[in-house]
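The values are calculated or read from the model by the stated rules, or taken from the named source; none is laboratory data. Because the structure is predicted, anything quoted here is derived from the model rather than measured. Cβ placement follows ideal geometry from the backbone for every residue including glycine, while neighbour counts extend to all protein chains displayed.
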């Protein structure tokens, strides 16, 4: 054989061997990146879950259209957590151990989240929790891009005290981690600022009759009412029954989202709320997000809201973390999640403050058509020291 042919064949063999080695080394990364979404398709969160699923679908479409994550397509794996602890255990067992997803991005009740965290930790899965919640839930594998009480309570209470002259407050909520956590924080904030809580009552998360509690509110004559229920169905039930009583004191809802408000229409009219996302936020990124939702879902689009928009952002935060880490390796991704940011509809979001994110908060009042009028905006509100022991 001629010398140049020998050299050519040797070089070709080396290239083929290198390609085989690369294929072997990265064979596990050749397939799609699977992201699990556990959400309450049934139960208390079933009112808001469809919007959360839609925003997840839009995010995946946009990421895949731009080439995926580190060259790999993204696939959704959606599981119903039934909005409760038992359902969450089943959903997470499936996502983590049967489906072996690469990460989980989920909007859930606090009961579902608390049940899921031990499973996430055992399976070592990066987890972005996208719901607003009662705060101070900490786990090595979890980051949060929703608001916490340190960011959300002050706008409502301060407005009632300063603009409405409120000195006495009645607090009502659902009897689980979110309701109690939110109202305990609110009660302490009210007391620290010279107000007084004249009643604090709870209804089970699956309870539907608020009549006895509303009777107590009428008897107490508070200057203002503040509620913290599970998002969705409990919000609707309480608002309808409150309206039917004819009570007229200012009502601040710490758990309502714009989508639920629009679905409720006039029932929610006059209610005050505080949040980090409203469809009326005048940013270029928000207009692009809303246009994308309308184009993809048309007349089937659910109103984007405080519970669905952070879900959309979280996919891009995960994408940025994987790209910074250079792989989907869980340990590397978890570290990177605290170092990346995303310029989204709510402006810049970065989970770098004790695994939570500073947010621009909006104080709004719900109008007769379910839209929300922005009364005040508070920029870059710090979430406080949520998880000091986790670095």
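Summary table below
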item: Set 290, 317, 278: member being in contact with a strand residue (DSSP E or B) (Cβ under 6 Å, 6 or more places away or on another chain), surrounded by 16 or more Cβ atoms within 10 Å (Cβ to Cβ) and over 25 Å from residue 140 (Cα atoms); result: 278
item: Yes/no for residue 42 being touching a strand residue (DSSP E or B) at 6+ places or on another chain (Cβ under 7 Å) and closer than 20 Å to residue 207 by Cβ; result: yes
item: Some residue of the stretch 155-168 being touching a residue at least 12 places away in the same chain (Cβ under 8 Å), within 19 Å of residue 386 (Cβ to Cβ) and in a helix (DSSP H, G or I); result: yes
item: Near pairs, Cβ below 6 angstrom, 6+ apart or cross-chain, from the stretch 179-204 (assigned by TED's automatic domain parsing to the domain that holds residue 216 and farther than 21 Å from residue 231 by Cβ) to any residue that is assigned to a loop (DSSP other than H, G, I, E, B) and modelled with pLDDT of 95 or more; result: 195/167; 198/222
item: Number of positions in the stretch 227-262 that are in contact with a helix residue (DSSP H, G or I) (Cβ under 7 Å, 6 or more places away or on another chain) and in a helix (DSSP H, G or I); result: 13
item: Among residues of the stretch 344-391, those that are in contact (Cβ under 8 Å) with a residue 40 or more places away in the chain, assigned to a strand (DSSP E or B) and under 24 Å from residue 291 (Cα atoms), counted; result: 11
item: Residues of the stretch 252-270 satisfying the condition of being at negative phi and surrounded by fewer than 24 Cβ atoms within 10 Å (Cβ to Cβ); result: 262, 263, 264, 266, 267, 269
